[in-house]
1. Report, by residue number, each residue of the stretch 168-194 that is over 14 Å from ALA146 (Cα atoms) and surrounded by 11 or more Cβ atoms within 10 Å (Cβ to Cβ).
2. Select the helices (runs of 4 or more DSSP H) contained entirely in the stretch 3-98, then report the ones holding at least 1 residues which are under 19 Å from the mean Cα position of the chain (by Cα) and under 20 Å from TYR112 (Cα atoms).
3. What tally of residues in the stretch 149-167 results from selecting those that are open to solvent by less than 70 Å² (accessible area, probe 1.4 Å) and out of contact with any helix residue (DSSP H, G or I) (no Cβ under 9 Å at 6 or more places or on another chain)?
4. Give me the pairs, please: first residue somewhere in the stretch 144-162 and among the hydroxyl-bearing types (Ser, Thr, Tyr), second residue anywhere and open to solvent by less than 30 Å² (accessible area, probe 1.4 Å), beta-carbon distance under 8 Å, and either six or more positions apart or on two chains.
5. Kindly indicate whether any position in the stretch 66-89 is more than 25 Å from TYR158 (Cβ to Cβ) and at pLDDT 90 or above.
6. Being touching a residue at least 40 places away in the same chain (Cβ under 8 Å) and not aromatic (Phe, Trp, Tyr) is the filter; apply it to the stretch 119-140 and report the residue that is surrounded by the most Cβ atoms within 10 Å (Cβ to Cβ).
7. As an exercise: evaluate ILE102 against (1) in a loop (DSSP other than H, G, I, E, B); (2) β-branched (Val, Ile, Thr); (3) open to solvent by 20 Å² or more (accessible area, probe 1.4 Å) and give the number of the one condition it does not meet.
8. Pick from LYS116, LYS143: which is within 30 Å of ASP66 (Cβ to Cβ), open to solvent by 20 Å² or more (accessible area, probe 1.4 Å) and basic (Lys, Arg)?
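The values are calculated or read from the model by the stated rules, or taken from the named source; none is laboratory data. This one's a predicted model, so the numbers in the text were calculated from it and none came from an experiment. Virtual Cβ from ideal backbone geometry, glycine too; neighbours counted across all protein chains shown. Keep in mind that these areas ignore ligands, DNA and RNA; they rest on the heavy atoms of the full protein, side chains included. Shrake-Rupley method; radii C 1.70, N 1.55, O 1.52, S 1.80 Å.
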Amino acid sequence: RSIYCPGANSALSDNELEEAFISYPDALLIQGDLFGETMTESIYLANSKSIPVMLDPSQINFDEFDPQSLGDIEIFSPNADEAYQLSGIYPDSVESCLKACIKIINKIKCHYIVIKLHQKGCFIFDGVYSEIVPAFETEIVDKSGAGAVFDAALLHMYLQSSDIINGAVYANMCASICISHQGAFHSIPKYSDIEDFIANHKLNF
């Protein structure tokens, strides 16, 4: 069950945003439901403190929002539908993913684009280099929370290793564990779950 409180994010004040940065975070992860001035101000604060930003644009309507108003993004992580909305190209092949990314990177200042392709894995582009990181085969029980788990795992491992490919492999791994369990909160992988996954798949990770 998911519970939504419409308008909650718009109640955040500038003081609360500034207070959130007192902990000196290693990075800032934002999803698109933190919209409008709150989102752009959060990114501005992170940029001013040289804190890397990862943005998942879920729920942003780019027909009503100017992507140029965003600041510097380290990792921009749309799904296929969101990439299509921004680029006009549906990313369903290596060629179309690349074309979509080239259009997106001309609209949004970002270091990496990571397009989530569901069961296909994800496509990574850094302005020059591109690669598809395939998903792991797993039984799909419940997709709830998989996108959020992917984002958090990607950012975590990227910060740990400074390697976006390494981060994507880890994110695909965690998302596979997530969708193989029922529910959202209870399907978030524990460290022991990840260890077991690596051992069962005989991964050199």
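1. Within the stretch 168-194, VAL169, ASP193, ILE194 qualify.
2. On the way: elements: 14-20, 36-48, 80-87.
The helices (runs of 4 or more DSSP H) meeting that bar are 36-48, 80-87.
3. Looking only at that region, the number is 1.
4. SER144/GLY183; SER144/SER187; TYR158/ILE75; TYR158/ILE164; TYR158/GLY167; SER161/GLY167
5. Yes: one or more hits.
6. My answer is CYS122.
7. (1)
8. On the way: LYS143 fails: within 30 Å of ASP66 (Cβ to Cβ).
So the residue among LYS116, LYS143 that is within 30 Å of ASP66 (Cβ to Cβ), open to solvent by 20 Å² or more (accessible area, probe 1.4 Å) and basic (Lys, Arg) is LYS116.
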